[in-house]
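First comes the structure, then the notes that go with it.
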Amino acid sequence: MFSALGAEPRLRIVRLLLAAHPTGMVAGDIQRELDIPPSTLSHHLDKLKSEDLVTVRREGTFLWYRANTEALAELLGFLYAECCTRNHAIRGKSIVCCR
């Protein structure tokens with residue numbers, strides 16, 4: 001999951017899909033919004049899907065992509081537990097929100 005989110009285009013895709021949550025977006029709208037070539041977008045979406053960070057549903061000829069908020073919550077929970085409770089690298093109470 002970290003590797004998938006480590007690529008800047010994929011992180012942009014996840015951020016966009018989180019903004020469109022819970023409805024999600026069709027691939028063409030993601031492509032237009034982020035100005036990513038269709039074949040490159042397909043590659044990035046496949047990687048995110050294989051890591052269970054996005055889900056996809058077919059509606060006619062359209063593919064709707066949606067951020068998998070459950071998987072992202074688990075990932076954030078892991079990070080929080082490792083950095084804030086286990087080794088005290090960051091005080092848990094100092095984490096208020098994301099920017």
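Just a few scattered comments:
- Pairwise FRET efficiency - ALA81 versus THR23, Cβ, R0 = 35 Å, nearest 0.05: 0.70
- Here the gap between ARG32 and GLU70, fully extended at 0.36 nm per residue and compared with their Cα-Cα distance, gives a gain of 11.0 nm.
- Under-5 Å amide H pairs with HIS21, H placed in peptide plane, nonlocal only: none
- With all protein chains kept in place, the per residue accessible area of the stretch 1-59 amounts to 58 square angstrom at a probe of 1.4 angstrom.
- In order along the stretch 35-45, the Karplus-derived 3J(HN,Hα) couplings, from 6.51 cos²θ - 1.76 cosθ + 1.60 at θ = phi - 60°, round to 6, 10, x, x, 5, 5, 4, 4, 4, 5, 5 Hz, and Gly and Pro are given as x.
- Taking amide H as placed 1.01 Å from N in the peptide plane, VAL54 has its amide H under 5 Å from the amide H of LYS49, ASN68, each at least 5 places away in sequence or on another chain.
- Karplus-derived 3J(HN,Hα) values for the stretch 6-11, using 6.51 cos²θ - 1.76 cosθ + 1.60 with θ = phi - 60°, are x, 8, 3, x, 5, 5 Hz; glycine and proline are entered as x.
- Computed from Cα atoms alone, the Kirkwood hydrodynamic radius reported for the stretch 13-83 is 12.6 Å.
The values are calculated or read from the model by the stated rules, or taken from the named source; none is laboratory data. None of these values were measured; they are calculated from a predicted model. Using ideal geometry, Cβ is built from the backbone for each residue, glycine included, and neighbour counts are taken over all protein chains shown. Keep in mind that these areas ignore ligands, DNA and RNA; they rest on the heavy atoms of the full protein, side chains included. Shrake-Rupley method; radii C 1.70, N 1.55, O 1.52, S 1.80 Å.
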